[in-house]
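The block underneath contains the structure these notes are about, expressed in structure tokens.
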Amino acid sequence: DKYGHLQDDKYAQPLVDVNEMTSTTLALTMGFEPVEAHERERAVGLNSRGSVSRDEALCVLGGWKLAFLGDSVTRFQYFNLMEFLQTGDLGSKYATKSSGSEGLHFDESFEWTQRPSEKKHKQHFVKRFHRVGNATICPDKANSSVVAQFWFLADWETIGDDLPALYETVSRWADVVVYNVGIWEIKDVPGYKTADPDDKAGVQAHYEAVVSSALAKVVGPARAGYFRSTSCCGETAKPEDETESESIERFFQSALGVWTINKVARRLVDEAGVGLVDVWPLLSPTNLRDRTTDDVHPVPHLYHVWNTLLLWTMATDDRLYPRDPATGERPSDAYFDRRGDAYAPSAAPTPAPSRAPTAPSPAPSAAPTR
């Protein structure tokens with residue numbers, strides 16, 4: 001069919017073919033430019049260094065408190081990273097089960113809100129790693145710990161009144177915030193599934209308000225805040241007796257809605273001066289069946305690519321690892337020196353944040369009650 005030339009083989013080697021994905025993504029095929037050229041080159045350049053090892057990941061994360069906020073797509077990203085830090089594996093089938101596995105994906109679990117909502121939509125997970133530093137790679141992190149928490153954001157009509165308290169709790173605690181809001185928040189807004197990216201029909205104003213609030217109240221105040229773009233291709237009801245070509249066409253139309261909200265989010269992120277972890281180029285309507293478990297949630301290997309992008313972005317972020325004015329080197333450079341010149345960190349500095357970093361605060365002793 002007309003999209004057949006874009007069909008990929010089963011996604012088995014996530015870090016091998018990633019450099020070629022950006023040339024065959026939905027947006028480029030449809031004649032759009034989803035990412036500014038320098039951002040696309042940066043993403044490809046970061047990934048081309050190869051996967052980050054477990055020891056290297058723990059070195060990068062050591063000493064920082066991480067907060068992940070988002071829906072089930074973000075939850076499984078969190079599970080995948082926690083399992084990788086725990087075992088060194090890229091993720092198991094258990095990393096795509098909504099409850100996760102205690103001891104592997106989390107140490108403690110709570111419900112962060114008492115609002116009427118589905119139980120799994122109120123999830124709050126906590127995972128801790130102690131004395132993470134490898135004596136050879138990062139002796140400076142020998143006695144450091146990593147604490148990572150996840151809060152589920154969905155059912156916006158019921159949790160809205162609790163968000164200010166949650167944002168305040170997270171912003172006071174976290175050093176690093178990874179935030180996404182996308183599918184759940186806007187999928188029922190008129191215009192979301194339109195095939196015309198210029199027909200926003202209220203999506204932009206609605207979505208802008210939600211993203212702007214999050215950037216100002218929870219992402220921006222962090223020492224290093226990152227907005228993760230929304231991946232292709234949204235959630236749409238599958239009609240009965242739908243053919244394969246009709247299914248692809250439906251995904252393309254839905255994906256244009258996601259492309260639109262990503263465009264809005266990217267502008268707001270730039271204005272706020274926070275970081276962007278852009279995973280949009282890694283999925284398209286024609287590779288969803290191979291790269292996701294259910295047309296929405298990525299397979300564990302692809303989640304590992306997402307987390308690799310996050311780790312490399314953190315390792316080269318001046319807010320976390322500033323350059324020495326005399327040498328131009330970062331403390332994190334040493335974590336990867338043993339790889340040789342092929343994996344030397346990029347010389348391009350990360351733009352400075354638009355506001356002064358906030359000092360870390362003690363971790364909360366219990367889950368937020370609001």
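Figures for the structure shown
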read-out	value
Subset of 127/263; 122/263; 97/119 violating a 26 Å alpha-carbon distance limit	127/263; 122/263
Packing-based ranking, highest mean first, of 317-325, 70-78, 211-219 given that Cβ atoms within 10 Å are counted	70-78, 211-219, 317-325
Whole-number percent relative contact order across the stretch 286-333, with pairs defined as alpha carbons under 8 Å at least 6 apart	19
Residue 53-residue 101 pseudo-label distance in nm [points 7 Å out on the Cα-to-Cβ vector]	2.4
Dipole magnitude of the stretch 50-90 about its Cα centre (Cβ charges: Lys, Arg +1; Asp, Glu -1), debye to nearest 20	140
Per residue value of the accessible surface for the stretch 74-139 (all protein chains in place, 1.4 Å probe), Å²	46
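The values are calculated or read from the model by the stated rules, or taken from the named source; none is laboratory data. The shown structure was predicted, so the numbers you read here are calculated from the model rather than taken from an experiment. Neighbour counts run over all protein chains shown; Cβ positions are idealised from the backbone, glycine included. For the accessible areas, the whole protein counts, side chains as well, though only heavy atoms, and no ligand, DNA or RNA atoms are used. Shrake-Rupley method; radii C 1.70, N 1.55, O 1.52, S 1.80 Å.
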